[in-house]
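The structure under discussion appears below in the form of structure tokens.
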Amino acid sequence: MKLNTVLVVFKGSLQGTSGVNARRLEQLGRMHETTRERVERELAHRDIACRIITRRKLGQRWKADAIITIGGDGTFMAGAHDANGTPVLGVNSMPGHSIGFYCATTAKTFGAYLDDILEGRHRPTRLPLLDVRIEGKRLPHRAINDILLAARSPAEMVRYTLRVKDRSEKQRSSGIWFAAGPGSTAALCSAGGKKLPITSKRLQYIVREPYHLPNTRLRSLGGTCPIGARIKLISAITDARLYFDGPRRMQIVPRGVNVSIGVAKETLSVFL
């Protein structure tokens, strides 16, 4: 694969990193900076031009042959959300501390992995994305890992009508997780879901902490759908939320509107 120009997305300052004391934070900061320097050096050695930006500057349109993220899965997700078809390579700058499920390399392995890309031994994998339609209109957000339906407060119950395949059911719960293959090993799995191959286009859902009314039996509490199927729901509360890959991307769902969730036509190109 030919790489003339790459966009490097850098996590930026580690200040405020939770659960880390001052000495450990300093060590992690050095690892993070060393990884950035290593990436820059390896790219320059191969005459590949790069533009380095922090996550805060994402959202603009950058022309590049690939996106390289330096951080963990959070930085990878931030870069991938703006990829628009551009292949993404994640570099875990703090292995052992930062979660890097989508990060194929570290500072130590980056140079060799980059050579494998240039010589065609590593090719990007296309991963399915999730999308949402409200009253038939597709939202601009796409989810890589998962989509969560929940109330505004995590302590609040959400009420809704859920339609899976040909079955419609009124439910109360703390929310619903939705994921395809890429997110099946994350929160959905922790909630009791099934691990799927990372490239699987089958939509899976699982209801979190369902509330069973007296003398009722809920049947649509989790499962997978055929490829191409969409799950539909109607919120019965005024301020339900849909969260895309965590708390930063959110869509308010008004009471009574028709929502459908499924696998998008677009895919994410990732070096794994």
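Under a 5 Å amide H cut-off, with hydrogens placed 1.01 Å from N, Ser200 pairs with Gly181 among residues at least 5 apart or on other chains. Ranked by the mean number of other Cβ atoms within 10 Å of their residues, highest first, the peptides 238-245, 134-141, 89-96 come out as 89-96, 238-245, 134-141. Thinking of segment 147-186 as a set of Cα atoms, what percent of all their pairs are more than 13 Å apart? When every Cα pair of segment 147-186 is considered, 61 percent fall beyond 13 Å. Take the Cα of Ala236, step 7 Å toward its Cβ, do the same at Ala112, and the gap between the two points is 5.7 nm.
Working note: Debye formula, equal point scatterers on the alpha-carbon atoms of segment 184-272, no solvent; log10 I(q)/I(0) at q = 0.15, 0.20 Å⁻¹ is -0.74, -1.31. Largest accessible area first, the listed residues Leu188, Leu221 line up as Leu221, Leu188 when surface is computed with a 1.4 Å probe on the assembled protein chains. By a 1.4 Å probe calculation restricted to protein chains, Asp166 has an accessible surface near 140 Å², given to the nearest 10. Overall dimensions of the chain, expressed as equivalent-ellipsoid semi-axes from the Cα gyration tensor (√(5λ), whole Å, largest first), are 37, 20, 16. Projecting label points 7 angstrom from Cα along Cα→Cβ for Leu139 and Arg56 puts them 2.6 nm apart.
P(r) for segment 92-164, from all Cα pairs and a bin width of 5 Å, is 3, 11, 12, 14, 15, 12, 10, 8, 8, 5, 1 %, short bins first. The loop-placed trypsin sites (Lys or Arg not before Pro) in segment 50-92, going by DSSP, that have at most 16 neighbouring Cβ atoms within 10 Å of their Cβ come out as Arg61, Lys63.
Only Lys, Arg, Asp and Glu carry charge here, each on its Cβ (+1 for the first two, -1 for the last two); on that basis the chain has a dipole of about 860 debye about its Cα centre.
The values are calculated or read from the model by the stated rules, or taken from the named source; none is laboratory data. Predicted model only: the values in this text are computed from it and were never measured. Positions of Cβ are backbone-derived with ideal geometry, glycine not excepted, and every protein chain shown enters the neighbour counts. Heavy atoms of the whole protein, side chains included, go into the accessibility calculation; ligands, DNA and RNA do not. Shrake-Rupley method; radii C 1.70, N 1.55, O 1.52, S 1.80 Å.
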